[in-house]
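A.B. asks: Mind having a look at this structure? Questions to follow.
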Ligand SMILES: [Mg+2]
């Protein structure tokens, strides 16, 4: 899948995403340091801002560390729903970043907060079993694989990670839901994610297909939806949204979500989703206009 295709996938589900509430000026800047005068709080997306795969983006650990050293607040806001938190923290440390574990806000945390407010039930889980059950210890989960009984016996479904999900499993999920409609909770609303070798298909994609074929409205946790920003705001305590920026490489998750949350927004143009691509057209077509466009994070 190429960038334009990935972009159009997002455009095709706009009716399930929050509506654009604000329009930015698309001011072109070089990198995060250019925002020092007008921004106190930096909410950073991970993939496409901090790293690409298992490599830090050149110069970014140093720039983030500089922001931290001059007293800026830096918080990670990521749709990394499939990763146990401890693994994620280790990854960022290995890449050269120094974040407090409470300053890394993920869609996984937003989902777990959401589930904590629901009655206890049996969840069928889309996730990569080899990553382990850390963070999920208190939930009754069954990893969904080739056994249809596991699907039919679930009270509800959690879509956290799709790395080992298959078309066969998706068919079983759809069949089971057609026989008996149940809630679907999504811990990563991303439809696709840029990888070193192209775009991967993420849980959001499978969730939208559930919605398209069964009429079930999945409940999404993570950007662009407000629940993940609520967690970030809880962590921040008192802050000035006018001096807070959401930085990310995706128009439909980072920038749209930042706008909806009432923050300034900065699109990273040179890495991740739009790396090497023209960004003018997608901004025009989507109507999602960031306040700032950064050549690099
Ligand atoms: Mg990203």
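A.B. asks: State the extension gain, in nm to one decimal, for the chain segment bounded by residue 230 and residue 285, taking 0.36 nm per residue of separation less the distance between their alpha-carbons.
C.D. replies: Stretched fully, the residue 230-residue 285 segment lengthens by 17.0 nm.
A.B. asks: Just want the ordering: 14, 179, from fewest to most Cβ atoms lying within 10 Å of their own Cβ.
C.D. replies: The most exposed by this proxy come first: 179, 14.
A.B. asks: Grab the alpha carbons of the chain, take their convex hull, and tell me the volume per residue in Å³.
C.D. replies: 122 Å³
A.B. asks: Moving on to the next point. Would you work out the Kirkwood radius for the range 114-220? I mean one over the mean of 1/r across all pairs of different Cα atoms, in Å.
C.D. replies: Computed over Cα pairs of the range 114-220, the Kirkwood hydrodynamic radius comes out at 14.0 Å.
A.B. asks: Using a 10 Å cut-off around each Cβ, can you sort 255, 288, 23 from fewest to most neighbouring Cβ atoms?
C.D. replies: 23, 288, 255
A.B. asks: Give me the number: length gained by fully extending residue 16 to residue 277, i.e. 0.36 nm times residue separation minus the C-alpha to C-alpha distance, one decimal in nm.
C.D. replies: Stretched fully, the residue 16-residue 277 segment lengthens by 91.4 nm.
A.B. asks: Let me ask something else. Can you grab the distance from the C-alpha centre of the range 91-142 to the C-alpha centre of the range 25-43, Å, no decimals?
C.D. replies: The range 91-142 and the range 25-43 have Cα centres separated by 30 Å.
A.B. asks: Let me ask something else. Out of 177, 160, 87, any idea which swings most in a Gaussian network model of the chain, alpha carbons joined below 10 Å?
C.D. replies: With Cα springs under 10 Å in the chain, the top fluctuation among 177, 160, 87 is at 87.
A.B. asks: Now a separate question. For the chain, what is the relative contact order in percent, using Cα pairs closer than 8 Å and at least 6 residues apart in sequence?
C.D. replies: 26 percent
A.B. asks: Would you mind pulling out the separation of the Cα centroids of the range 238-270 and the range 64-85, in Å?
C.D. replies: Taking the Cα centre of each part, the range 238-270 and the range 64-85 sit 14 Å apart.
A.B. asks: Exposure proxy check: 253, 213, 55 ranked by fewest other beta carbons within 10 Å?
C.D. replies: 55, 213, 253
A.B. asks: Calculated from DSSP H runs of 4 or more alone, at -39500 (n - 2.57) each and per residue, what is the 222 nm mean residue ellipticity of the chain, nearest 500?
C.D. replies: -9000 deg cm²/dmol
A.B. asks: Oh, and also: When the chain is fully extended, how far beyond the present Cα-Cα distance does residue 171 get from residue 91, taking 0.36 nm per residue of separation?
C.D. replies: 25.5 nm
Rule-based calculations on the coordinates, nothing more; no lab input. Small disclaimer: the values here were computed from a predicted structure and weren't measured. Every residue, glycine among them, receives a Cβ derived from its backbone with ideal geometry; neighbour counts consider all protein chains shown.
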